[in-house]
Structure formats: C-alpha cells, structure tokens
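Colleague: Take this structure first; my questions come after.
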Amino acid sequence: MTACSLPNLTSLETVESKSVLPKGWKADLSNLANLDLTLPVIELIRRTTSRLPQDIIESLVAHRNLEAEGSRAANTLDTMIENVTLADEHVSPLCQDTGTVIFWVRHPFGLSQRKVKEQIRKAVAECTSRSWLRPNCVESLSGKNPGNNMDPFGEGHPVIHFEEREEPGIEISIMLKGGGCENVGAQYRLPEASLGAGRDLGGVRKCIIDAVTKAQGQGCSPGILGVAIGGDRVTGFERSKEVILRKLGSANPDPKLDAFEKKLTEELNTLGIGPMGYGGGTTVLGVLVSEMFRHPASFFVSISYMCWSSRRMDLVLDGTGNALYR
Ligand code: SF4
C-alpha cells in the first residue's frame, strides 16, 4: 500500500507576504471605541477560504491511509487532499461554495459592537468583490442575489455573535459553513419513539446515527458532527455550530463525553457510507459534543453537520495588539 503523506503547503512566510495587512500592523487596544478591524478581518477571510486547518488535513491523510489502496474511498480522499494543495498554492477558495459566513467575536468591555459589525460587513463585501467569497446571500422568496453577501434587511448575513469577556485582547473566530452540509443538519426532541431514543446518552447516540444515515454522502462526507445536548431549539443549534470550532483530536473537557465522542466516531465509520457516499471506512472525521442546560419539559439534540471542507480560523489580537492567525 502506498501511504499518502501530508501535503506540502506554502510556508508561513509566503502566506504572510501576501497579507493585506501592512507589515507591522498593530491594533491600538487602548482606544477600543475607535478600533478598525476591517483589514485584519479581510485577511482572516483570505486565509480561511483557501487553507484548511492543519488538524483537518492530518485527519484526511490519516483516514486516507486506512482505506484500501485503489478503492473509491482512497481515490476520493486523494482528490480532496490534492484540492487542499491546489487551493493553498493558488490562494483560491477550497470549494466553490464558500458557505454562510459566521463570526464569533470575544472582546473586553469598551468595544463598540455596532462599529465592529459594520467593519465585519465591510470586510465580507470586500472579500466577495475579490472573489474570495461567493455571493451566497439571496432573498428567500425571490432568490434575488444582491451580489455582496449582505442581508440588507435583517442583517442576518454575515452571522455575527458577540461575547464580552474579562480577558484583554480580542478573539475573532470565523467559520465558512457550506450549504450542502447545512442541509443535512438535524434536530431531535427526546424521547423519540421511532428511534427508541430516550433522554440519555444512549438516546443521543441513536439520534446522531440516524442523522448520519439519512445524510448518506450528502453534505460532502467525511463529516464533522457538532452536537449540542439540551438548550432550546435556537441555542442548541447555535452551540452545535460553535463546538465545531474545536480542533479534531482535542479532548472534550467532560471525560464522559470524551469517551462518547471517540466511541461514536468509530461506530459511525463502520456504516460504510464513506467519502462522498462512495463507500469505505471514512464516513466522519470526528464527533464534537457539548452539553447545555435545558427546560425540564424539553430535551433537544441539535446536530450540525460540517463537510470535509471545514474552513475555520481564529484571529487573535493579543494584549499588545499583534494580530495572530491560527
Ligand atoms: S458541503 Fe462543503 S464541500 Fe460540499 S459543496 Fe458545500 S461547502 Fe463544498
């Protein structure tokens, strides 16, 4: 069997040499009210759209090497890995669908959320005009596309979550959530008689297996499953997306859920769905679970399915204002 090795991606120096941020750019964190984050966010989008996180690449390669040589699963994973290399080399989108653009902004007291929202919207419009993002935001009923990724009415796109925190510095996480994988997300209300699923981890397991079985290859498997146990219908789905920001291979802080994630990942990979539904042992790259509190009368299991092209990145403005991308 010929083992596939990790692709040679462009060096950090090369990535930085193409940055839209002027060399030596620093945020003035002593003047939070007047901070302009437009440029660092443009750079965040530029890097995210063309380069997969290292943990996802490593997982694709590791699973490729577990598939039988010459099988459709191995060939499909080879193509995905080649895609990763080409997108990185040409700084071009990893997939034609650059997804719903979702941000999480964690900041100290004093930042103007209104101004940052305007700056993020400006950055998204600019990246759309540069073709780093596809214009993906259309009017629901008419299908009319304003062409700039802006929802002009409810300001629902791009999606921006804010959270004030004690720590100095600012963190902005981004996720590009593909439409195909979003379509196969699911929400269950336990108990669910048709699945024989009760209000416990065993019931949660049955929901996840059901969602993956129904998705088959749709949603561009191998998938990464973000799962929220509890919450209400809205907060559960929100958490199920946010949990996908966690790195593959990182431990769940709850040992019980950590063991559950590992065992379920193995189980799901025996379903035979495989990459893009062509069969094989790589149906998912991982399962990431978060438990929330809930109303006593409700028990929701919210599942967000992320495709193999799991584009996410963090921009960290550290205490001294330096911009770090990771
Ligand atoms: S689901 Fe993911 S990989 Fe598939 S088309 Fe959408 S963004 Fe691309």
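Colleague: Ordered by packing density, taken as the mean number of other Cβ atoms within 10 Å over each peptide's residues, highest first, how do 73-85, 154-166 rank? Before the final figure, lay out each step's value.
Modeller: Numbers: 73-85: 19.2, 154-166: 13.2.
Averaged packing, sorted descending, gives the order 73-85, 154-166.
Colleague: Still on this structure, please answer the following. What lysines sit close enough to Lys256 to cross-link, taking a C-alpha to C-alpha distance under 27 Å and skipping anything fewer than 8 places away on the same chain?
Modeller: Straight-distance partners of Lys256: Lys206, Lys214, Lys241, Lys247.
Colleague: Report the far tail of the P(r) of region 179-306, meaning the percent of Cα-Cα pairs longer than 21 Å.
Modeller: On the way: 2651 of 8128 pairs.
Value for region 179-306: 33 percent of Cα pairs lie more than 21 Å apart.
Colleague: Using r as the Cβ-Cβ distance of Ser112 and Glu166, and R0 as 30 Å, what FRET efficiency do you calculate, to the nearest 0.05?
Modeller: 0.95
Colleague: Extending each Cα 7 Å along its Cβ direction at Val138 and Lys263, get the distance between those two points in nm, one decimal.
Modeller: Computed distance between label sites Val138 and Lys263 equals 4.4 nm.
Colleague: Can you work out the PRE-style zone for Ser30? Point 7 Å along Cα to Cβ, and I want the residues of region 291-326 with backbone N under 17 Å.
Modeller: Under cut-off, by backbone N: 318-322.
Colleague: Just checking the chain: which Cys have no other cysteine's beta-carbon under 4.7 Å?
Modeller: Cysteines lacking a close Cβ partner in the chain: Cys4, Cys95, Cys127, Cys137, Cys207.
Colleague: Taking only DSSP H segments of four or more residues, each worth -39500 (n - 2.57), what value at 222 nm results for the chain once the sum is divided by all its residues, to the nearest 500 deg cm²/dmol? Intermediate results must be reported in sequence, preceding the final value.
Modeller: On the way: 9 runs with 110 residues, N = 326.
Calculated from helices alone, the mean residue ellipticity at 222 nm is -10500 deg cm²/dmol.
Colleague: With an 8 Å cut-off on Cα pairs and a minimum separation of 6 or more residues, tell me the relative contact order of the chain in percent. All intermediate terms of the calculation are to be shown ahead of the outcome.
Modeller: On the way: 647 pairs, mean separation 75.6, N = 326.
Taking the mean separation of contacting Cα pairs over the length of the chain, I get 23 percent.
Colleague: If N is the number of residues in the chain, what value comes out of its Cα radius of gyration divided by 2.2 N^0.38 Å? Walk me through the numbers on the way to the answer.
Modeller: Details: Rg = 20.1 Å, N = 326, 2.2 N^0.38 = 19.8 Å.
Dividing the Cα radius of gyration by 2.2 N^0.38 Å gives 1.01.
Colleague: Something else: Using DSSP, restrict attention to beta bridges with both residues in the chain and report what percent are antiparallel, rounded to the nearest 5.
Modeller: Details: 29 of 42 bridges.
So the antiparallel bridges in the chain amount to around 70 percent.
Colleague: State the percent of C-alpha pairs, over all pairs in region 232-326, separated by a distance greater than 18 angstrom.
Modeller: That tail contains 59 percent of the Cα-Cα pairs.
Quick note: the coordinates plus some simple rules give every number you see, no bench work behind them. Here the structure is a predicted model, which is why all the values come from computation and not from measurement. Here Cβ is always computed from backbone atoms with ideal geometry, including for glycine, and neighbour counts include all displayed protein chains.
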